[in-house]
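Take a look at the structure set out below.
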Amino acid sequence: MDTTLYPELSPDAGDPGAGLRRFATAAGITLAPLRVTESASAPHGPVTLVVEADRGIVHVVLERDRHEIQVKLMMPWVGAALSGHAKTLQDVAQAIHDWQRGDTLTMIAGRRGWLTASPRAVAHEEGRAVEYAWDVARAVTADQWNSSLVEEAYNTPQLRQLAPFVTHGTLRFHRSPTPPFSHDLFEIGPADNNSWRVGSQQAPLGTHTVVTTTAEAIALVVDALPPDCNPAIQASDSEHD
């Protein structure tokens, strides 16, 4: 890196990886394995530091044409949990330290004002992922043609305990709010003449049952729930692996 743009890297001959390690060491922080990546197709593009912590991968992007440090702390299957722009690599090292030792996302964002926590990630961390998924499903369909379907499903106890997902007007239900999804539960999608088609997510659409009301559609889904269909839970990292 250009040390006129990043003078803090002068002791490291412009090497951002070495600089981050130096700042961490000075603060008594042991970093997880770190690697530096550059784009072969854009040699004058940004440099990315990747810290592979157990909790999730941290991406630190340094721009070459200006002093700008972008940071994303990523949770498995959830995506960016915290993101923002740091002023110095010392700030980055402290944030990674918080992340590695397991501080909550809310705590880290409160302590590091330059980081913003993802509401989805916070809900996942706090065990509210299913509730958050319903909030999203209801928000994206509000005032839409399928809002009555989503609302009626939300008000059905057997379905409210599952994780909803809306795609192309089709309402799907999952046993877990994050992958891996089983895809073994019924879905409800639009059919001709303002009707609804109901059937297995794994079966051809032509085999789905067509009904005229949302109440009928929801009843079919509830009746087809497997006996072992418990409230949706978040899979552990080991299950994700």
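Reported count of residues in the stretch 71-88, each being within 18 Å of G102 (Cα to Cα) and assigned to a strand (DSSP E or B), is 10.
Scanning the stretch 115-138 for residues that are farther than 12 Å from A81 by Cβ, assigned to a helix (DSSP H, G or I) and open to solvent by less than 70 Å² (accessible area, probe 1.4 Å) turns up A129, V130, Y132, A133, W134, V136, A137.
The set of residues in the stretch 167-188 that are without any contact (Cβ under 8 Å) to a residue 60 or more places away in the chain and either surrounded by fewer than 19 Cβ atoms within 10 Å (Cβ to Cβ) or assigned to a helix (DSSP H, G or I) (or both) comprises T167, H168, G169, T170, F181, S182, H183, D184. Being in a strand (DSSP E or B), open to solvent by less than 10 Å² (accessible area, probe 1.4 Å) and either touching a Pro at 6+ places or on another chain (Cβ under 6 Å) or among the small types (G, A, S) (or both) is the requirement here; does A93 meet it? No.
Remark: pairs (first residue in the stretch 108-132, more than 22 Å from Q161 (Cβ to Cβ); second residue assigned to a loop (DSSP other than H, G, I, E, B) and open to solvent by less than 70 Å² (accessible area, probe 1.4 Å); Cβ separation under 7 Å; 6+ apart in sequence or on different chains) are absent. Selection of the stretch 19-39 for residues being outside any loop (DSSP other than H, G, I, E, B), over 30 Å from the mean Cα position of the chain (by Cα) and not basic (K, R) yields T25, A26.
Which of the residues that make up the stretch 139-160 are open to solvent by 30 Å² or more (accessible area, probe 1.4 Å) and either under 20 Å from V78 (Cβ atoms) or in contact (Cβ under 8 Å) with a residue 24 or more places away in the chain (or both)? Can you show your working first?
Here is the first cut: in the stretch 139-160, the residues open to solvent by 30 Å² or more (accessible area, probe 1.4 Å) are 139-140, 142-145, 147-148, 151-152, 154-155, 157-158, 160.
Listed by number, the residues that qualify are A139, V140, W145, S148, E152, Q158, R160.
Of the listed requirements (1) within 25 Å of the chain's Cα centre (by Cα); (2) touching a residue at least 24 places away in the same chain (Cβ under 8 Å), T214 misses just one: (1).
The values are calculated or read from the model by the stated rules, or taken from the named source; none is laboratory data. Quantities reported herein were computed from a predicted structural model and do not represent experimental measurements. A quick note on method: Cβ atoms are made from the backbone with ideal geometry, for glycine too, and the neighbour counts reach across all protein chains shown. SASA here: full protein model, heavy atoms, side chains in, ligands and nucleic acids out. Shrake-Rupley method; radii C 1.70, N 1.55, O 1.52, S 1.80 Å.
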